[in-house]
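For reference, the structure discussed in these notes is given below.
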Amino acid sequence: MQPTSSRPSSWIGSNQLIDPDRIRRFGYWYAAEYRLRNMGKWWTAIVAFGLGNPLLYLVSIGLGIGALVNQSVGPNGIEGVSYLEFLAPALLATACIQGAMDETSFPVFEGFVWTKYIYAMNTAGLTESHITGGIMIASFIRCVATGLMYGGILIAFGAIDAAHLPALMLASIFAGMGFAATMMAFAAYTKEDDGFFAVVGRFVIAPMFMFSGTFYPIENTPIYLQWIGWISPLWHSTNLGRNLSYGHPVEPWLMAVHFAFLASLYFVGFYFAARKFKSRLAE
Amino acid sequence: MIVAKSLTKTYGDFTAVDGINFTVTRGEAFGLLGPNGAGKSTTMRMIGATLERTSGDLEILGKDPNSKGPEIRAHLGVVPQQDNLDRELKVWENLYIYGRYFGLSRKFLKRKVDELIGFVQLEEKRDAKTESLSGGMKRRLTIARGLVNEPEILMLDEPTTGLDPQARHVLWDRLFRLKEQGVTLVITTHYMDEAEQLCDRLIVMDKGKIMAEGSPADLIRDYSSREVVEVRFGSAKNAEVAPKIEDLGDRVEVLPDRILIYAENGEEILHQIGVRGFEPVTSLVRRSSLEDVFLRLTGRTLVD
């Protein structure tokens, strides 16, 4: 080892260097910055999945099965639109949910158990609200990016009209953030990797995808399975999206319920996540 | 800088820290020495304002950590026992992103990050993935990270545990330089040589309590003799010989593998043992250390 004299020469000291008010106000962004940098390490995979997923889906289900469905339901399609158009709002919402929750499930578990970055943030003066807030900001960005990639492909395939994209994105982002906040809370309560996330994938995401009126109107589901749709953010978002894009009839009060349901998922999830973050950091 | 009065932390029935009192003044290198489970890390986390005390008073930089935690933490540098670096990020990124948590500007960090990389001698690894660093390098990086906000107090929890001797010496050298610069250091360790090397003053902890307090030299003078004779007669014979030589020094400790005789003049004691007709298999005369202080205070060795 070479002897060096590189003793920090221009030591100013934290008293002059650091403004606690600044941390209090912008702590969310600092936490988000880390999450985004971490995401940046995987950006090629994120883009590949973001574009590959809709391509595969649209070719196989949208066009393949869609041709079959269109053939059997006749020229008026489902609810007056082609099967692809019917499917598109649900696919977009699913993509946004998946993208958003990818940033709040494993990353939270990782931060408490594996890399412990959440503890590192905390020792630097960021609070549980800053950290949960930062994770949600990163999740939001991922959600929007995933949605835009998916939306672009949907437009290219003629599944949606470009003019409807903003409204569809709104419905999908509401679902994505609601679900992501809920997952952040569950991940905060998870102490061991005993397959919890696999269970969520198989017994929450998969049934939600199947029974939320994704592939056929929810009214066609047997009544004893319809409750899955009612509590599923995907159904709320899909119904919103179908109304906002091709004018699928939804009562105004139900539109309000859809938005309120998704927003409350977000707030309740966020509340429990922050609470659990606080107690875990103080253990 | 730090004032603790009757500081206590309990978890249910278990008392991790049991009403301890101490103060740390500016520019001091203060040590918490004790075996695993003595309550050092719990004390550190309370000082680090990430763990609330159960009772007693604690003041850090003039503030109460229970109510001003984030403000206090902004002025501390923390080197945790377990590295919580991001292994996917590059070496410089770990420093940069940690600096951002303090709201430090990108411009400032650009300069600071390179300065710190130089200080901990990781220039060649600047752009390497953190995953690829050795244990000693990771620890140095964690120390650099703890300095990014130019803290009032740098807290190091077992800084050299798990490192090889060479890596330990490199690390000690860096910490010594910080001490010279006047950075206040708070160090926990269960290595007496580390405590002797780095600490101006220390408390010896066991089972959540403070057993003794003072500078390493004071503690050795107060609780031990100047020299120690270590003799081995073979594990079967140690206990048999001990009573026959225990009057030679100030005090005798019989350990499973050896006998320690505390005295002012070790060579003279060793000579006397020979005169009495005992032939140790191995013998060693050395100066007293904090290990001996700990043994005297608790009847146990530091590293079991």
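Please work out which one of (1) outside any strand (DSSP E or B); (2) surrounded by fewer than 23 Cβ atoms within 10 Å (Cβ to Cβ) is the condition B:GLU213 fails and give its number.
It is condition (1) that B:GLU213 fails.
Which one of these is more than 25 Å from B:THR43 (Cβ to Cβ) and surrounded by fewer than 20 Cβ atoms within 10 Å (Cβ to Cβ): B:LYS207, B:LYS244?
B:LYS244
Could you check A:GLY125 against (1) crowded, with 24+ Cβ neighbours inside 10 Å; (2) on the phi < 0 side of the Ramachandran plot and say which number it fails?
With respect to (1) crowded, with 24+ Cβ neighbours inside 10 Å; (2) on the phi < 0 side of the Ramachandran plot, A:GLY125 is out only on (2).
With respect to B:LYS9, is the statement that it is more than 14 Å from chain A (Cβ to nearest Cβ) and either at pLDDT 95 or above or part of a strand (DSSP E or B) (or both) true?
Spelling it out, it is not the case that B:LYS9 is more than 14 Å from chain A (Cβ to nearest Cβ) and either at pLDDT 95 or above or part of a strand (DSSP E or B) (or both).
Conditions: (1) of a type in the set (S, T, N, Q); (2) closer than 29 Å to A:LEU168 by Cα; (3) at pLDDT 85 or above. A:ASN76 meets all but one. Number of the miss?
Against the list (1) of a type in the set (S, T, N, Q); (2) closer than 29 Å to A:LEU168 by Cα; (3) at pLDDT 85 or above, A:ASN76 comes up short only on (3).
Which ones in segment B:273-286 are in contact with a helix residue (DSSP H, G or I) (Cβ under 8 Å, 6 or more places away or on another chain), surrounded by fewer than 20 Cβ atoms within 10 Å (Cβ to Cβ) and either at pLDDT below 90 or within 16 Å of B:ALA242 (Cβ to Cβ) (or both)?
B:ARG276, B:PHE278, B:SER283
When you scan segment B:137-175, how many residues do you find that are touching a helix residue (DSSP H, G or I) at 6+ places or on another chain (Cβ under 7 Å), more than 11 Å from every other protein chain (Cβ to nearest Cβ) and β-branched (Val, Ile, Thr)?
2
Can you give me the ranges of the helices (runs of 4 or more DSSP H) entirely in segment A:1-118 with at least 2 residues that are of a type outside the set (Lys, Arg) and more than 14 Å from chain B (Cβ to nearest Cβ)? So that I can check it myself, show each step before the final result.
Numbers: elements: A:14-17, A:20-40, A:43-57, A:66-73, A:83-102, A:106-109.
The qualifying helices (runs of 4 or more DSSP H) are A:43-57, A:66-73, A:83-102, A:106-109.
Only residues that are buried (at least 18 other Cβ atoms within 10 Å of the Cβ) and farther than 19 Å from A:ILE160 by Cβ: list them for segment A:229-257, please.
To start, the set of residues in segment A:229-257 that are buried (at least 18 other Cβ atoms within 10 Å of the Cβ) comprises A:229, A:232-246, A:248.
Listed by number, the residues that qualify are A:GLY229, A:SER232, A:PRO233.
Output the number of the condition that A:ALA206 fails; it satisfies all remaining conditions of (1) within 22 Å of A:LEU63 (Cα to Cα); (2) loosely packed, with under 14 Cβ neighbours inside 10 Å; (3) more than 17 Å from the chain's Cα centre (by Cα).
(3)
Cβ contacts < 9 Å: first residue more than 13 Å from A:GLU85 (Cβ to Cβ), restricted to segment A:145-171; second residue part of a loop (DSSP other than H, G, I, E, B), any location; separation 6+ or different chain. Result?
Pairs that qualify, where the first residue is more than 13 Å from A:GLU85 (Cβ to Cβ) and the partner is part of a loop (DSSP other than H, G, I, E, B), are A:GLY151/A:ILE160; A:ILE153/A:ALA159.
The values are calculated or read from the model by the stated rules, or taken from the named source; none is laboratory data. Only a predicted model underlies this, so the values are computations on that prediction, with no experimental measurement involved. Reconstructed Cβ throughout: ideal geometry from the backbone, glycine too, with neighbour counts over all protein chains shown.
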